[in-house]
Every structure is written in C-alpha cells, then in structure tokens.
Amino acid sequence: MENKKLQNGIKEINKIVMTPDEKKRVFENILKTGTSVKPIQSPWFGYSFVLMMKQTKLVYFILVPLIFILTGGGVVFASQDSLPDSILYPIKVSVIEPIEGALSFSPKAKAKHESKLASTRLIEAETLASHGKLDIKQEKKINKLLVSHTIALNKALDNADKSNDNKDTEEIATNFRAEMNAHARVLDIITEGDKQTENVDNNVNVNIDENIKISKNARVGAEKIKIRQDKKNFNNVDKYIKRKEEVKSLINIAGQGLEVAPISQTKIEQATVDGTNETLDQAKKYLEEADKKEKEGNSGEAYSSLLDSESSVKEADIFLKTRLNLKEKSNYEKDNNN
Amino acid sequence: MNTDLINEFEKIYSANSDAIFRFCLIRVSDREQALDITQETFLRLWQNIQEGKEILNYRAFIFTIARRLIIDWYRKKKSLSLDSMTTDDGDNVYDVPDSSTTGEKLILGTEGRYLLDKINELEPSYREPLYLRFAEDLSPPEIGKILGISTNAASVRINRGIAELRKKTGYKDEMNK
C-alpha cells in the first residue's frame, strides 16, 4: 500500500511536463540561435598575451622576432655613440655604418657618407685622446678605418665624375680636406704632439700607412683629395667668380667669429686660436694667389688655389668651433669638480 | 545545417526535455524561468554536438548543465547564500511550485506534493540523489557524474536517503529498487 503511494507520488511528479507548444517553441529557439550564439569575448582579450598565445601560435612568430628587433634595436642605439674601446664599437663600424652606406645609392651620397665617417673617426680619436685612452691599439684601429674611408671616398668621387653626378663633389672634397686638416691639428694639440704641421709629399701615389699617427694619416687623406681636385681641368669663368665671392664671404664670417670668440684661458684654447688665425691667413693668401693666377690667364691653377682657400677657411671655422667646444667642456669639468 | 545532427539532437531533446524541465521547475518554482533554463541547457548540448565534441552520457551531461545553470540562477537571485548551494553536503532546495505565486495551474496531486515535501525535509546531501533516483530514474553512476561525486558515494547517499524517507513517510516496502 505504502509502496503504491510512493509510485503514485512519483507518477504525479512525472506529470510535470512542458506543453507541446512550449516544447516546440524551445526546440525552435535552440535551432534558431544555436549556431549564432558565441561566448562573449572579454573586452580585455586583446591585452591578454597569455590568452592570445593559447589561442594561436601565430603570436610566437610575431613575438620572437619582435624581441629580437627590440633587443637588437637597443644594442644598435647604444652602439651609436660608442668609442673604439667599447665592446659595442664593432657593431657600429661593421654593421650600422655599412648598412647606412648601403642605403646611400648615388655615388655623391656615398662620398658624403664616407667623408662623414672619416670625420667621425677623428672625433672619436680626439675624445679618446682627451681622456688619455688613445693607445697604440686604438690608434691602429682608427687608422685602419680612416684609410678605408678615404679610399672609399676617392672611389665614390670617381664614380660621381663618371656618372656626371658631380654638381657638389667639389664641395664634398673641400669639406673633407678641411675636416681632416682641422681635426688632425686638434688631435695634435690634445696629444701635445708636434704642433708643426708636417709637409706632406705631394706625390700622387702617396701611400697611407696604418701604423703612422692618425693626424698624419688624416692629412695624407686630405692631400690625396687635393691632388685629385688639382688634376681636374677647369675653364668656367662664371663658376670661378661665383665661387670666389662665396669664399670671400666665408673668410669674412670666420674673421668675425674669431673676433667675438671668448678669451682663451688654457694652453690648448690658445693653441686653437693661433691655429685658426694661421689657417685664416693661409686662406687669404690662397685667395690672393688665385686672383693673381686668374689675371695671368691661368684659370685652372686659379681655381685650384681658390679651392685651397675654401678648404682653409672651412678648416679655420672647424678649428674655431673645436676651440669653443673645448672651452665649454673645460667649464663643465670645472663646475663638476667644484 | 546537418540533418543527421538535428535528428540526433531532436531524439535526445524529445527523450529528456520533460525531465530537465521538471528538474528545473521543482528547483526554481517559476515556469518561465524553468523553460529558460531548459532551453539554455539544450542549447549548450546542441552547440557541443555541432562542435563535434564527444559526449558519453547525454542524460548525465544535460542534468549536469541544468544543475549548474540553476545554481547560477540562484547566485544571481541571491535569495540563498552561495555557501548553502555549493557545499559538499549540497544544501539544495526543492520547492513545490506554487500556482498562486507562479500564476499557473500545476498538475500535481497530493501524493506527489507530499513526496516532494518529504524529500525537501531530508538532509541536503540526500535530496538531489534521491530525487534523481526515484523521479528521473537515473543510475548511481549517472547521479555521481551529475553531482561530481563517486558512484559509491552516490549509492551511499541514495540508500541513506531512502532510510530517512522511510522514517518520514512510512513507505516501507520495496523502496530499494
């Protein structure tokens, strides 16, 4: 009897069912929405690396190169200001600079690039020398690079001449001569070497030696470019007149700069001022020579002297700037010591 | 849409929809809510079937989903504390739907109502196993899966529940089916 009650109770409970309409409606709803319902994506999904890595392995292909790029980028950035005694220096001279060179497509751009690199080598040497770190090993390293930059510059200038892309090559060449001569003098002053500029053999086949002083090598490089310029034929009078005016203007500006320059306080500063004056006088002398030769009708030689004058005045300007830099540096060091 | 899948799903739906609806209605005491939970339960089953996931026991699977959805519903409703729903002893409430509050006419006789009342008076851990065993005719392994306990534990709870129900109802013969 009691069992029957239980069975009845269960039967009654089992009578709780959906109506046919409800059943049909629910079934239709499921089929209708079943395919379109997707789990709601978290708004933070895009920010979750772990989740993204779980979802797709594509992230690995993006993440790993990204890490390499960022790490490599950091090294590249850090190596930009490195000096020859730094472990990052090989990256700078063997990777970054060649890549920059490879991106210079025209011979003229390549010549500019090599000229800039040569100047950079000399500035590096100056920095090392001012800290007393320019030993034979570093000197050899810089010399080797300087030689290769000078050779590359020559080659690029030749290519520019061949391709008739030689509009500004003279300026690149005179700038290079000025940079090399100016920095060579600064380097000599810093290293307290012989201040007397050495006479460089004017022979065309001059060889640049890796084992000689950097300053001498720089001058040899500058001379090599000068010889190259002298060999070129010139017979354009208008161009000569225009350039002459430019050189005169440069001489005036450099003279004014020298007048307003601060008073020299150290031996090095005084040596730099003397050097500037000396070079500026040399520029004026070359200009006079150019005038004289031009009046004699020797336009080729006149133009060559004009380029010498331009190179000298630029050299004087670089020299003066270096002096100001040295002064600022010495003031900064003084402040730090106090 | 794959007709074979629909047929397979329809078969499962026809066989189990009433049981799930009943299970839900007794727990939530709201017909529309019970229908919603039933629909959601079968929707998830349908999605799993579409995705080609292997389901070994459909009955256990849908009862498990329905049970979790009911717990979620209670959490949202906050009429019960979270602890009372999720503790091991399973403090699950069985409500007999009240037509006066739900506004519906429930076909439930006195014996059915009495049985549900008595089940509701049992210790919380015995209520669900006993209901699933007697009302839905589920096996102890299936009940174990639904409740997340071992088959042995499910059997023990059923037997102890029967013993308690006997005392409360006076039903003595042949309760151990």
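The values are calculated or read from the model by the stated rules, or taken from the named source; none is laboratory data. Every value quoted in this text rests on a predicted model; they were computed, and no experiment measured them. Quick reminder, even Gly has a Cβ in these numbers, built from the backbone with ideal geometry, and neighbours come from all protein chains shown.
Couple of notes before you dig in:
- Out of B:ALA34, B:ALA15, B:ALA19, one residue alone is surrounded by fewer than 18 Cβ atoms within 10 Å (Cβ to Cβ) and within 15 Å of B:PHE63 (Cβ to Cβ). It is B:ALA15.
- Test: residue in the range B:101-111 that is part of a helix (DSSP H, G or I) and either at the interface with chain A (Cβ under 9 Å from one of its Cβ atoms) or modelled with pLDDT of 85 or more (or both): yes
- Leading residue by the ranking (farthest from the chain's Cα centre (by Cα)) among those in the range B:17-68 that are more than 9 Å from chain A (Cβ to nearest Cβ) and aromatic (Phe, Trp, Tyr): B:TYR58
- Conditions (1) in a loop (DSSP other than H, G, I, E, B); (2) modelled with pLDDT under 75; (3) under 16 Å from the mean Cα position of the chain (by Cα); number of the one not met by B:MET85: (1)
- Exactly one residue out of B:ALA163, B:ALA153, B:ALA135 is modelled with pLDDT of 90 or more and small (Gly, Ala, Ser): that is B:ALA153.
- Entirely in the range A:19-120, the helices (runs of 4 or more DSSP H) that have 2 or more residues that are at pLDDT 75 or above, within 14 Å of chain B (Cβ to nearest Cβ) and exposed (fewer than 10 other Cβ atoms within 10 Å of the Cβ): A:20-33
- Restricting the first member to the range B:146-168 and to residues that are in a loop (DSSP other than H, G, I, E, B), and the second to residues that are among the hydroxyl-bearing types (Ser, Thr, Tyr) and modelled with pLDDT of 90 or more, the beta-carbon pairs closer than 9 Å and six or more apart or on different chains are B:GLY148/B:THR64.
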